[in-house]
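Below: the structure, in structure tokens.
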Amino acid sequence: MKKILVIGAGLSASSMLRYFTENAETEDWYIKVGDQDGNLAKSKVENCDRAEGFELDGLDPAQRTPLVEWADLVISMLPARFHIEVAKDCIRHNTNLITPSYI
């Protein structure tokens with residue numbers, strides 16, 4: 001199973017999360033979505049058994065690092081100036097990273 005972490009569940013993540021949740025079973029994905037607004041993250045994946053949404057301060061390394069370690073793929077939907085911190089975690093833990101400029 002491919003483990004996907006999405007950091008940020010705002011408006012720009014909506015279509016991507018819909019695609020992920022609609023295809024999670026077929027593609028054998030498990031998706032974790034973290035956002036400052038935990039209820040928003042939960043609402044974006046509520047109809048998918050292979051996904052969970054939760055509150056996450058994506059700028060807090062103590063919260064972010066264990067999730068990056070868990071993931072096979074991290075998608076940072078944070079504002080661009082914060083991608084570097086996520087990228088550093090991904091390098092340390094040999095995890096693939098995608099940012100919106102590459103989607």
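The values are calculated or read from the model by the stated rules, or taken from the named source; none is laboratory data. The model shown is predicted, which means the values in this text are computed figures rather than measured ones. So basically every Cβ, Gly included, is an ideal-geometry build from the backbone, and we count neighbours across all protein chains shown. Note: areas computed on protein heavy atoms with side chains; ligands, DNA, RNA excluded. Shrake-Rupley method; radii C 1.70, N 1.55, O 1.52, S 1.80 Å.
Please enumerate the residues belonging to the range 38-51 that are under 24 Å from Phe82 (Cβ atoms) and open to solvent by less than 70 Å² (accessible area, probe 1.4 Å).
Those that are under 24 Å from Phe82 (Cβ atoms) and open to solvent by less than 70 Å² (accessible area, probe 1.4 Å): Gly38, Leu40, Ala41, Ser43, Lys44, Val45, Ala51.
For the range 65-91, which residues satisfy the criterion of being in contact with a helix residue (DSSP H, G or I) (Cβ under 8 Å, 6 or more places away or on another chain), touching a residue at least 24 places away in the same chain (Cβ under 8 Å) and outside any strand (DSSP E or B)?
Filtering the range 65-91 down to residues in contact with a helix residue (DSSP H, G or I) (Cβ under 8 Å, 6 or more places away or on another chain) leaves 65, 68, 74-78, 80, 85-86, 89-90.
Of the ones still in play, those that are also touching a residue at least 24 places away in the same chain (Cβ under 8 Å) are 65, 68, 74-78, 85-86, 89.
Across the range 65-91, the qualifying residues are Thr65, Val68, Met77, Leu78, Glu85, Val86, Asp89.
Quickly run through the range 50-103 and pick out the residues that are among the small types (Gly, Ala, Ser) and under 12 Å from the mean Cα position of the chain (by Cα).
Ala51, Gly53, Gly58, Ala71, Ser76
Quick one: is Ala62 loosely packed, with under 15 Cβ neighbours inside 10 Å and either part of a helix (DSSP H, G or I) or at pLDDT 95 or above (or both)? Explain how you work it out, then say what you get.
Details: loosely packed, with under 15 Cβ neighbours inside 10 Å: yes; either part of a helix (DSSP H, G or I) or at pLDDT 95 or above (or both): yes.
It is true that Ala62 is loosely packed, with under 15 Cβ neighbours inside 10 Å and either part of a helix (DSSP H, G or I) or at pLDDT 95 or above (or both).
Condition check ((1) open to solvent by less than 90 Å² (accessible area, probe 1.4 Å); (2) farther than 18 Å from Met1 by Cβ; (3) out of contact with any Phe, Trp or Tyr (no Cβ under 8 Å at 6 or more places or on another chain)) across all residues:
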residue	(1), (2), (3)
Met16	yes, yes, yes
Phe20	yes, no, no
Asp28	yes, no, yes
Ile31	yes, no, no
Asp57	yes, yes, yes
Arg92	no, yes, yes
Ile98	yes, yes, yes
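Can you name the condition, by its number, that Val74 falls short on among (1) touching a Leu at 6+ places or on another chain (Cβ under 7 Å); (2) open to solvent by 80 Å² or more (accessible area, probe 1.4 Å); (3) not charged (D, E, K, R)?
(2)
Might you check whether a residue that is among the hydroxyl-bearing types (Ser, Thr, Tyr), in contact with a strand residue (DSSP E or B) (Cβ under 9 Å, 6 or more places away or on another chain) and farther than 26 Å from Ile91 by Cβ occurs anywhere in the range 31-54?
Going through the range 31-54, the residues among the hydroxyl-bearing types (Ser, Thr, Tyr) turn out to be 43.
With in contact with a strand residue (DSSP E or B) (Cβ under 9 Å, 6 or more places away or on another chain) added as a condition, the list becomes 43.
If we keep only those that are farther than 26 Å from Ile91 by Cβ too, we end up with 43.
Yes, the range 31-54 contains a residue that is among the hydroxyl-bearing types (Ser, Thr, Tyr), in contact with a strand residue (DSSP E or B) (Cβ under 9 Å, 6 or more places away or on another chain) and farther than 26 Å from Ile91 by Cβ.
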